[in-house]
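Novice: This is the structure, below, for whatever I ask next.
What follows is calculated from the coordinates using simple rules that are stated; it is not laboratory data. Quick caveat, the model's predicted, so the values are computed rather than measured. Please note: Cβ atoms are built from the backbone with ideal geometry, for glycine as well, and neighbour counts cover all protein chains shown.
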Amino acid sequence: MNRLKRARGSAVALAVVAGVWGGTLPGYAATTATTADTGTATAQSVATSPSAHTPDAARLPAIMHRLTTVDGAPGALVATRNRTGSAVLTSGVADIRSQAPVRGDSRFRIGSMTKPFVATVVLQLVGRHRVDLDAPVERYLPGVVRGHGNDGRMITVRMLLQQTSGLPDYLDYLNPQDILDDPLAHYETGDLVNLALAHPPTFEEPGGKPGSEWNYSNTNYLLAGMLIEKVTGHAYGEEIERRIIEPLGLEDTSLPGDATSIPGPHPRGYARPGEDAPLVDITAFNPSVAGASGEMISSGADLNRFLDALVRGKLLRPTQLRAMMQTRPTGGDDGRAYGLGLESRPLPCGGLSWGHGGDTFGYQTAGGATTDGRQATVMATVDPGGTDAQDDDMEAAVRAGLCDLPRGRAPGGEKGSRGTS
């Protein structure tokens with residue numbers, strides 16, 4: 001889910017407490033500040049592997065400090081990794097009541113970072129000739145995409161994955177406040193798809209047709225999940241577990257379905273329903289409203305491992321990975337381009353970051369990886385209701401995490417895991 005409406009404007013500063021979990025990374029000196037509200041000291045804390053790299057000593061900690069002070073998030077985490085080691089930097093608190101610090105091994109809801117997982121499974125099926133990227137959706141989901149100018153006979157599987165179908169986004173017709181009022185409610189995927197299809201396509205140009213324009217729609221990935229189930233006979237979540245989670249050993253990663261809790265250590269997730277409204281704890285939440293567009297739970301370490309395996313060809317055959325990385329411009333001035341469930345962004349240090357962002361109730365995430373073995377994932381614990389500054393700093397944290405990493409060689413014998421295709 002990457003289209004949740006944000007309450008714009010200045011966010012209140014939140015009091016946070018100092019705390020160190022698991023040791024301090026060289027170069028990440030805990031920086032302290034005093035909040036205007038309470039005078040409580042703030043600090044960043046880190047957890048590292050024995051061979052951890054040492055990113056820039058000032059830039060990334062400064063970004064994390066901003067996320068949990070002026071940007072307004074209660075807590076934040078950034079996990080970085082290269083071929084010689086990994087590190088986690090945290091800031092703020094995991095719980096605004098207890099003031100417990102954010103743990104480096106935290107799990108959290110990843111929102112639309114679910115989409116690369118879903119796209120990877122579809123492309124594995126393409127590699128096995130069980131799905132044709134350029135076949136109409138109608139072949140796999142007969143009669144499902146119809147009405148108000150939406151026609152599955154004209155939309156291909158590739159268009160779903162690349163966000164060029166023109167299908168309306170079901171989230172545009174859901175009120176976030178209704179979900180905040182009843183966060184444990186179950187949603188049927190078919191009902192959400194039909195909610196979208198009750199509206200005309202979203203083409204901006206007169207006479208627009210499927211494939212002609214890029215326009216982000218979560219409906220595309222609900223349909224991709226339905227397609228996986230139709231082709232395999234198993235729920236898309238079961239296929240993600242079998243093909244990606246288990247082969248890569250992603251022990252922190254899960255597809256909760258209707259389960260409303262987050263297993264394992266995790267910070268509380270919050271929403272700010274209005275510009276000056278107090279934070280609402282929405283950690284307990286039924287992610288069926290997101291489904292294949294954004295229901296998953298993971299950790300920074302697991303997301304980095306997944307992105308690395310994906311962009312370095314450990315999950316897809318070369319032909320399908322090239323298809324995934326064939327991008328379309330998204331229309332912004334930041335150089336962002338969208339492939340098949342994977343987006344690219346130019347890095348200030350050269351090259352591209354490949355990854356995705358994610359917004360869901362309680363958490364915002366962003367992650368990226370380079371093809372030479374660097375990864376960075378960042379998480380903040382407020383959504384919806386984060387600020388524009390929070391959005392900017394999330395992306396800045398990924399860039400800093402990737403550009404400050406040395407380009408070391410992998411340790412001898414590091415093979416990685418290969419998913420099932």
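Novice: If I take R0 = 35 Å and measure r between the Cβ atoms of THR371 and ASP181 in this structure, what FRET efficiency does the formula 1/(1 + (r/R0)^6) give, to the nearest 0.05? Numbers along the way, then the final one.
Specialist: Working: r = 44 Å, r/R0 = 1.27.
E between THR371 and ASP181, to the nearest 0.05, is 0.20.
Novice: Would you please state which residues of the stretch 288-320 a label at ALA135 would reach in this model, taking the label point 7 Å out along Cα→Cβ and a backbone N cut-off of under 16 Å?
Specialist: Nothing falls inside the zone, counting backbone N under 16 Å.
Novice: Moving on. What FRET efficiency would be calculated for the residue pair ARG146, ASP281, taking the C-beta separation as r and a Förster radius of 45 Å, to the nearest 0.05?
Specialist: Values: r = 40 Å, r/R0 = 0.90.
That pair, ARG146 with ASP281, gives E of 0.65.
Novice: Pulled fully out, how much extra length does the chain show between GLN99 and ARG242, if you take 0.36 nm times their separation in residues and subtract their Cα-Cα distance?
Specialist: Going from the current span to full extension adds 47.7 nm.
Novice: Using a cut-off of 20 Å between alpha-carbon atoms, which aspartates and glutamates can reach LYS230, once sequence neighbours fewer than 8 places away in the same chain are excluded?
Specialist: Cα-Cα hits under 20 Å: ASP132, ASP134, GLU138, ASP151, GLU188, ASP191, GLU238, GLU239, GLU241, GLU295.
Novice: For the stretch 76-93, in order, what is each residue's ³J(HN,Hα) by Karplus, 6.51 cos²θ - 1.76 cosθ + 1.60 with θ = phi - 60°, in whole Hz (x at glycine and Pro)?
Specialist: 8, 8, 10, 10, 10, 7, 9, 7, 10, x, 8, 8, 10, 10, 10, 8, x, 10
Novice: Of MET159, ILE240, LEU171, whose Cα points farthest to the positive end of the dipole of the stretch 140-243 (charges on the beta-carbon: +1 Lys, Arg; -1 Asp, Glu; origin at the Cα centre)?
Specialist: So the residue furthest toward the plus end is MET159.
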